[in-house]
Amino acid sequence: MQMRVYYKIYAIKPVSLEDIFFFIIFILMTSEQISKFVDSENIPTTKSMKIAFKKRNPVHGLIVKSSDYPDLSSKNFWRIVPHPNVEKWLKSKDINLSRIYNGTEITKLSIVLNKEISQN
């Protein structure tokens, strides 16, 4: 039996500066994009946010609006309550249950069911 091997050669198109700029914008989220997402989403207790980062594993939880929210968001920092602490935070609103993350590291925000988080 004779094997045939086929190769496809693709020409690589030169990349323009506009393509690079679009790629950078697509990957990194600005503070305006993050705050717009947080302001527009009304997240029920059965769901959480999945916050993806450039150089670390995603965090499941909530971005919370505490008394320092305007100050932190203007500097692109975000107070996030991790999923294991969300129930405690909903009852107590204790700021010590949250952590502050740099928004320049955030690449994607999405809504996920809490059931999906517990399966992972």
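The values are calculated or read from the model by the stated rules, or taken from the named source; none is laboratory data. Remember, predicted model here, so these are calculated numbers, not experimental data. Ideal geometry is used to build each Cβ from the backbone, glycine not excepted, and the neighbour counts take in all protein chains shown.
Step by step: first the residues of the stretch 46-86, then only those that are touching a residue at least 60 places away in the same chain (Cβ under 8 Å) and more than 14 Å from I106 (Cβ to Cβ), then the one that is surrounded by the fewest Cβ atoms within 10 Å (Cβ to Cβ). Which residue is that?
First pass over the stretch 46-86, keeping only residues touching a residue at least 60 places away in the same chain (Cβ under 8 Å): 46-50.
Still in the running and more than 14 Å from I106 (Cβ to Cβ): 46-48.
Details: T46: 8, K47: 17, S48: 23.
Looking at the filtered set, the residue picked out is T46.
Conditions: (1) more than 17 Å from the chain's Cα centre (by Cα); (2) modelled with pLDDT of 75 or more; (3) farther than 16 Å from N114 by Cα. I20 meets all but one. Number of the miss?
Failing condition for I20: (2).
Kindly evaluate K36 against the criterion of being under 11 Å from the mean Cα position of the chain (by Cα) and under 20 Å from N102 (Cβ atoms). It would help to see each step written out before you state the result.
Numbers: under 11 Å from the mean Cα position of the chain (by Cα): no; under 20 Å from N102 (Cβ atoms): yes.
Considered against the rule, which asks whether it is under 11 Å from the mean Cα position of the chain (by Cα) and under 20 Å from N102 (Cβ atoms), K36 comes out as no.
Being of a type in the set (S, T, Y), in a loop (DSSP other than H, G, I, E, B) and over 18 Å from I95 (Cα atoms) is the filter here, so list the residues in the stretch 36-73 that pass it. Steps first, please.
Going through the stretch 36-73, the residues of a type in the set (S, T, Y) turn out to be 40, 45-46, 48, 66-67, 69, 73.
Cutting the leftovers down to in a loop (DSSP other than H, G, I, E, B) gives us 45-46, 66-67.
Passing the criteria: T45, T46.
Quick one: in the stretch 75-120, of everything that is at pLDDT 90 or above, part of a helix (DSSP H, G or I) and among the polar types (S, T, N, Q), which residue is nearest to I43 (Cα to Cα)?
N85
Answer yes or no: is there a residue in the stretch 64-76 that is farther than 22 Å from L113 by Cα and aromatic (F, W, Y).
Within the stretch 64-76, the subset farther than 22 Å from L113 by Cα is 66-76.
Within this subset, residues satisfying the condition of being aromatic (F, W, Y) are 69.
So far as the stretch 64-76 goes, yes, one or more of its residues are farther than 22 Å from L113 by Cα and aromatic (F, W, Y).
Of the residues I106, I100, I95, only one is under 18 Å from E32 (Cβ atoms) and in contact with a helix residue (DSSP H, G or I) (Cβ under 9 Å, 6 or more places away or on another chain); which? I'd like the intermediate steps shown before the answer.
Numbers: I100 fails: under 18 Å from E32 (Cβ atoms); I95 fails: under 18 Å from E32 (Cβ atoms).
Every option except I106 fails the conditions.
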